[in-house]
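Single-structure report; data block below.
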Amino acid sequence: KNEVEQSPQNLTAQEGEFITINCSYSVGISALHWLQQHPGGGIVSLFMLSSGKKKHGRLIATINIQEKHSSLHITASHPRDSAVYICARNQFYFGTGTSLTVIP
Amino acid sequence: EAQVTQNPRYLITVTGKKLTVTCSQNMNHEYMSWYRQDPGLGLRQIYYSMNVEVTDKGDVPEGYKVSRKEKRNFPLILESPSPNQTSLYFCASSLYPPGWGNQPQHFGDGTRLSIL
């Protein structure tokens, strides 16, 4: 059983929409990571969270330690945001990813 | 530029023909690891290395070998590849192991391997 669950698995949005991707995990963490994987490309680290909220440009990541839940938000989405977003608990346990497509 | 370099990026080969996927990092990282990524399963760790000459099995090590003779290189070896090893492979490195100071891992661009 995967210890990290993501939802939704697939997401299609119109350019400009506000997007939320969710991640739940079953046991405690030292850090929750959000990664981005572009088609045909490698994986880059977006955020590393152990509490609260982090913001980088149009991306915001939040975490609720008590509820064992994290969200990744994208404001004013753009086609270049189209990618697979992966959350990982302690960088050992990875979710299966959320495939995001942003349509112009 | 700090990077993890994998080669080749793509490989199609046949069952039983030994192959090596190379991985090199230029950040003087101590920790390196190999993952495979399959649809619906997420990234799964194959092997990892805490430092030179120190390697250990991850979650799915069967059919794979690794070596860490130098700090920068961590090749993945498939002695007798089989079709169930067809997958997308990623090498990653970090200064410390995941969970130790929470340094982010740096990933290579991936190697897409097809075993016929």
(message) A:Ser77 - would you say it is surrounded by 19 or more Cβ atoms within 10 Å (Cβ to Cβ), at pLDDT 95 or above and assigned to a strand (DSSP E or B)?
(response) no
(request) Inspect region B:59-76 for any residue being among the small types (Gly, Ala, Ser), away from every other protein chain (no Cβ under 14 Å), in contact with a strand residue (DSSP E or B) (Cβ under 6 Å, 6 or more places away or on another chain) and over 23 Å from A:Gly40 (Cβ atoms) and give the result as yes or no. (result) no
(message) Restricting to region A:64-104, name every residue that is more than 17 Å from A:Pro8 (Cβ to Cβ) and more than 13 Å from chain B (Cβ to nearest Cβ).
(response) A:Asn64, A:Ile65, A:Gln66, A:Glu67, A:Lys68, A:Thr75, A:Ala76, A:His78, A:Pro79, A:Arg80, A:Pro104
(request) List every residue pair whose Cβ atoms lie under 6 Å apart, where the two residues are 6 or more positions apart in sequence or sit on different chains, the first residue falls within region B:29-55 and is within 9 Å of another protein chain (Cβ to nearest Cβ), and the second residue, located anywhere, is surrounded by 16 or more Cβ atoms within 10 Å (Cβ to Cβ) and basic (Lys, Arg). (result) B:Arg44/B:Arg36
(request) From the list B:Arg72, B:Arg68, pick out the single residue that is basic (Lys, Arg), surrounded by 15 or more Cβ atoms within 10 Å (Cβ to Cβ) and in contact with an Asp or Glu (Cβ under 9 Å, 6 or more places away or on another chain). (result) B:Arg68
(request) Among the candidates B:Ser24, B:Ser114, B:Ser49, single out the residue that is at pLDDT 95 or above, surrounded by 21 or more Cβ atoms within 10 Å (Cβ to Cβ) and part of a strand (DSSP E or B). (result) B:Ser49
(message) Among the numbered criteria (1) outside any strand (DSSP E or B); (2) more than 13 Å from chain B (Cβ to nearest Cβ); (3) surrounded by 15 or more Cβ atoms within 10 Å (Cβ to Cβ), which one does A:Gly16 miss?
(response) (3)
(message) Kindly evaluate B:Pro81 against the criterion of being surrounded by 20 or more Cβ atoms within 10 Å (Cβ to Cβ) and more than 24 Å from B:Gln3 (Cβ to Cβ).
(response) yes
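Rundown of residues vs (1) of a type in the set (D, E, K, R); (2) over 12 Å from the mean Cα position of the chain (by Cα); (3) closer than 27 Å to B:Tyr31 by Cα, yes/no style:
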{"position": "A:Ala13", "(1), (2), (3)": "no, yes, no"}
{"position": "A:Asn22", "(1), (2), (3)": "no, no, no"}
{"position": "A:His38", "(1), (2), (3)": "no, yes, yes"}
{"position": "A:Ile43", "(1), (2), (3)": "no, yes, yes"}
{"position": "A:Lys53", "(1), (2), (3)": "yes, yes, no"}
{"position": "A:Ile60", "(1), (2), (3)": "no, no, no"}
{"position": "A:Glu67", "(1), (2), (3)": "yes, yes, no"}
{"position": "A:Ser70", "(1), (2), (3)": "no, no, yes"}
(message) Need the failing condition index for A:Ser50 against (1) within 13 Å of chain B (Cβ to nearest Cβ); (2) surrounded by fewer than 20 Cβ atoms within 10 Å (Cβ to Cβ); (3) more than 19 Å from A:Glu3 (Cβ to Cβ); (4) not acidic (Asp, Glu), just the number.
(response) (3)
(message) A:Val27 - would you say it is out of contact with any His (no Cβ under 7 Å at 6 or more places or on another chain), of a type in the set (Val, Ile, Thr) and assigned to a loop (DSSP other than H, G, I, E, B)?
(response) yes
(message) Take the conditions within 25 Å of A:Ser99 (Cβ to Cβ) and buried (at least 19 other Cβ atoms within 10 Å of the Cβ) and apply them to B:Val4. Does it pass?
(response) yes
(message) Can you report the number of residues in region A:30-39 which are at the interface with another protein chain (Cβ under 8 Å from one of its Cβ atoms) and in a loop (DSSP other than H, G, I, E, B)?
(response) 2
(request) List the number of the failed condition for B:Ala2; all other conditions in (1) closer than 15 Å to B:Leu88 by Cα; (2) assigned to a loop (DSSP other than H, G, I, E, B); (3) aliphatic (A, V, I, L, M) hold. (result) (1)
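The values are calculated or read from the model by the stated rules, or taken from the named source; none is laboratory data. None of the values given here were measured: they were computed from a predicted structure. Methodologically, a virtual Cβ is constructed for each residue, glycine included, from the backbone with ideal geometry; neighbour enumeration extends over all protein chains shown.
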